[in-house]
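Step one of this worksheet: look at the structure below.
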Amino acid sequence: MASKYSAFQLFKEGLKGHTGWEPAWQDKSPSPSYDALVIGGGGHGLATAYYLARNHGLKRVGLLEKGWIGGGNTGRNTTVIRSNYFYPESVALYDFALKLYEGLSRELNYNIMFSQRGIAVVAHSELEMEMAARITNAMQINGTDAELLNREQVLERVPLLNQNDDARFPIFGGIWQGRAGVARHDAVAWGYARAADKLGVDIIQNCEVTGFLIENGRCAGVKTTRGEIRAGTTGMAVAGNSSVLSAMAGFELPVRSFALQAMVTEPVKPCLDTVLLYMGTGTYLSQSDKGELVIGGGLDRIPSYGQRGNPPLQEEILSGLLEMFPAFGQLKLLRQWAGIVDVVPDSSPVIGPTPLPGLYINGGWGTGGFKAIPAGGWLLAHLMANEEHHEISRPFDMDRFARGRLIDEAAGAAIAH
């Protein structure tokens with residue numbers, strides 16, 4: 001059976017009718033115990049399981065997913081990858097993820113279709129240009145790529161933008177990060193699953209966690225719909241359900257969960273070769289390889305676990321799109337969906353030990369979860385294996401709320417939280 005992906009292997013298998021490929025990963029039954037157990041089969045959970053085996057040499061690693069892998073937020077986002085944040089702690093975190101993304105296809109031997117087409121964040125007033133200049137300076141000081149654009153430079157990159165004199169959101173300039181881009185979301189999940197499986201990780205789907213085993217005040221494993229599973233160390237990466245799991249473990253997180261909508265249009269010929277975001281409306285979009293325009297915007301106003309979103313927010317997002325591109329007014333929408341995002345007060349993630357010893361968390365990413373998958377997995381694996389922080393994850397410990405060392409990235413997240 002063929003296991004390594006290459007152009008030669010693809011040609012060879014093509015001659016045989018593609019009958020020789022082995023399954024990308026195996027769906028295992030749970031064992032009674034593991035050295036390390038990861039709850040959540042999205043990108044962060046799969047990456048955590050992979051790095052536990054790859055970076056730390058753990059042989060008995062289990063991953064639990066209540067549905068199918070990649071079926072949660074990993075499959076419900078707009079796939080934008082960037083590191084244009086304000087604070088040095090955030091740039092270190094998201095740029096680490098971006099660097100890992102840049103080599104991920106080769107490392108996993110799986111094409112995640114990472115297209116570094118750049119992102120332009122457009123400003124509409126002198127005040128927003130001042131903010132754009134501050135963010136650009138901060139990014140450059142913190143060691144990542146950033147460029148301040150004037151109006152002509154924005155229009156040179158995106159000539160279809162609304163240039164009318166009576167535009168509600170006139171173009172003054174913006175921020176450019178050339179290393180940003182998009183990747184195929186399910187390929188990221190499948191690539192990590194395939195690589196983790198080859199390292200011996202048990203991927204267990206349709207296995208819902210219903211409680212925690214607590215012995216001598218420490219997490220000793222989990223209760224699931226498929227029986228109890230013991231573990232030496234346990235991590236959870238369950239975007240959108242972090243507060244649900246924490247309640248089972250007996251503690252409360254500073255998290256509120258909201259729906260974050262996205263939608264795609266019918267496919268059209270290539271017309272947008274970058275990712276674009278308007279600071280004035282929060283609407284952002286890119287064009288997929290199939291030609292669809294992938295559109296996103298702000299959070300729904302009311303906390304919810306509904307994965308559909310509401311029509312008033314859809315109207316707001318689409319009105320922002322038509323302000324950017326009046327020419328897109330005739331396009332038809334094909335699909336709309338929503339992911340559930342966990343938002344914390346400073347719009348930065350929570351990575352670290354929980355109040356229950358032996359249980360670690362990677363969550364609270366808000367709108368930034370997909371772009372951080374490789375770093376989130378790397379850092380949670382480091383925590384679980386060493387029982388101490390990596391220097392990049394240390395500022396994102398929950399104790400920052402007690403110490404008052406918040407990392408307020410509401411502006412850098414580009415969404416009004």
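Quick notes on this structure:
- Output for region 30-46, where each listed residue is more than 16 Å from Met384 (Cα to Cα) and surrounded by 24 or more Cβ atoms within 10 Å (Cβ to Cβ): Gly41, Gly42, Gly43
- Subset of region 129-151 (residues that are in a strand (DSSP E or B) and either surrounded by fewer than 13 Cβ atoms within 10 Å (Cβ to Cβ) or touching a residue at least 24 places away in the same chain (Cβ under 8 Å) (or both)): Glu147, Leu148, Leu149
- Among the residues making up region 7-25, those that are loosely packed, with under 14 Cβ neighbours inside 10 Å and either of a type in the set (D, E, K, R) or within 22 Å of Tyr192 (Cα to Cα) (or both) are Ala7, Leu10, Lys12, Lys16, Gly20, Glu22, Pro23.
- Scanning region 223-236 for residues that are farther than 21 Å from Gln26 by Cβ and either open to solvent by 20 Å² or more (accessible area, probe 1.4 Å) or out of contact with any Leu (no Cβ under 6 Å at 6 or more places or on another chain) (or both) gives Lys223, Glu228, Arg230, Gly232, Thr233.
- Given (1) under 25 Å from Glu89 (Cα atoms); (2) in contact with a Lys or Arg (Cβ under 7 Å, 6 or more places away or on another chain); (3) of a type in the set (A, V, I, L, M), index of the condition Ala402 fails: (2)
- Subset of region 326-358 that is assigned to a loop (DSSP other than H, G, I, E, B) and within 21 Å of Asn73 (Cβ to Cβ) - its residue that is most open to solvent (accessible area, probe 1.4 Å): Pro345
- Qualifying residue in region 365-378 (condition: touching a strand residue (DSSP E or B) at 6+ places or on another chain (Cβ under 7 Å), open to solvent by less than 10 Å² (accessible area, probe 1.4 Å) and assigned to a loop (DSSP other than H, G, I, E, B)): no
- Residues that are farther than 30 Å from Leu52 by Cβ and of a type in the set (D, E, K, R), drawn from region 151-200: Arg151, Glu152, Glu156, Arg157, Asp165, Asp166, Arg168
- Per this entry, Ala49 is counted among residues that are surrounded by 15 or more Cβ atoms within 10 Å (Cβ to Cβ) and assigned to a helix (DSSP H, G or I).
- Residues that are open to solvent by 50 Å² or more (accessible area, probe 1.4 Å) and within 24 Å of Gln26 (Cα to Cα) within region 56-102 comprise His56, Lys59, Arg60, Lys66, Trp68, Arg76, listed in sequence order.
- Region 398-415, subset in contact with a helix residue (DSSP H, G or I) (Cβ under 9 Å, 6 or more places away or on another chain) and buried (at least 18 other Cβ atoms within 10 Å of the Cβ), residue modelled with the highest pLDDT: Ile407
- Residue in region 289-304 that is in contact (Cβ under 8 Å) with a residue 60 or more places away in the chain, closer than 30 Å to Met384 by Cα, part of a strand (DSSP E or B) and open to solvent by less than 50 Å² (accessible area, probe 1.4 Å) present: no
The values are calculated or read from the model by the stated rules, or taken from the named source; none is laboratory data. In this text the structure is predicted, and so the values were computed from the model without any measurement. For neighbour counting, all protein chains shown are included, and Cβ atoms are generated from backbone atoms with ideal geometry for every residue, glycine included. Each accessible area value is taken on the protein alone, full model and side chains, heavy atoms only, with ligands, DNA and RNA left out. Shrake-Rupley method; radii C 1.70, N 1.55, O 1.52, S 1.80 Å.
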